[in-house]
């Protein structure tokens, strides 16, 4: 390659780009393999990829379970308390169930969208990835509220019930329980904010930059 | 699609077009560990995409699309547990090139990696002889936009190559032989 060809204004449409030497070099990367070895190696490769694909599916399923199990346990816990203690706690159970359904639905929807990623155009894939990263960022940023909502309602119902039944009946144990709940909520909120800021914010920025690059024509 | 048909198609794609996966992975990563990870990711996506392949586009176009989509959105995940590496198998499939070619190819990939990610995609497609119409189908840009972007990317790449001593000092790439 040389300066003269590079500076030629007609170079834009030069059919021989990038020149015979580089084209030959580029094409020499792929040389047909011996037919004696190829089938054996391809079988091994296919088998490895099948295993990898299966493992990846299992890993994704495990992540979904990990996200949904806590809220399902909360729902079960509040149903139990609703039965044995205060029927008002069914409201918290319903809130937890609602959040659980929302999470399951969004996971399923996301999986469907992800399946289209591979075979869409590059531009569409980047747009979808950006929208997905924004959704994750939003969800983790407000994860404290998802969990705070039902727990806060439960806490309020328990206290209102206690005070209604016996205005002087608030015990030290209740205060400890409230403090424990608040601590759990603060930890959840901090954890969600950390994931949103450290993992999903950079992803959003990365895809925004990538999309800006694509649109910069 | 049944498993046998899927395996048959995947094997056929790898026999004929495995180079695309390696080229894309090398252009989007700078360490061999990352290249391994990206190759693995692309192959898994290709395997999963077979069900949706209807034969409306050429296999090479389909493979490029899947590979570029994965490469562009891929981000190294250090927390991920690698289940198995297909790299050994793929390396077995890659015929070895001589040391001189390897040296020049490494330099060429280094220069390609200097381009923006999207320009890299266009450059790979261009080097592999895809038409503007095919590039437009893969990237989602209009043909005229593909042409404009590619023209800029080519100029950048050619300028970098002309300044790279690996090419300018080698008689095979010098002006006389061009």
### Query
What is the Cα coordinate range of the stretch A:36-98 on the first, second and third principal axes, sorted by size from largest, in whole angstrom?
75, 17, 9
#### Entry: Whole-Å distance, taken between Cα centres, linking the stretch A:195-209 and the stretch B:15-79
23 Å
### Task
Rank-order A:203-211, A:156-164 by packing density, defined as the average count of other C-beta atoms within 10 Å over each peptide's residues, highest first.
A:203-211, A:156-164
### Message
Taking the beta-carbon count within 10 Å as an exposure proxy, list A:191, A:146 from fewest neighbours to most.
### Response
A:191, A:146
### Task
Based on other C-beta atoms within 10 Å, arrange B:104, A:53 from fewest to most.
A:53, B:104
### Message
Show me, bin by bin at 5 Å from 0, the whole-percent P(r) of the stretch B:97-178 based on Cα pairs.
### Response
3, 14, 23, 21, 17, 12, 8, 2
### Message
Test of understanding: ordering A:43, B:35 by Cβ neighbours within 10 Å, fewest first, what list do you get?
### Response
A:43, B:35
### Summary
Checked the stretch A:89-155 with the C-alpha gyration tensor, a ≥ b ≥ c its square-rooted eigenvalues, rounded below a/c of 1.5, otherwise prolate if a/b is larger than b/c and oblate if not; verdict oblate
### Message
If I take every Cα pair under 8 Å that is 6 or more residues apart in the stretch B:97-178, average their sequence separation and divide by the length, what percent do I get for the relative contact order?
### Response
30 percent
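Values quoted throughout were computed directly from the atomic coordinates according to the rules given, and no laboratory measurement underlies them. None of the values given here were measured: they were computed from a predicted structure. In this analysis, Cβ positions are derived from the backbone assuming ideal geometry, glycine residues included, and neighbour counts consider all displayed protein chains.
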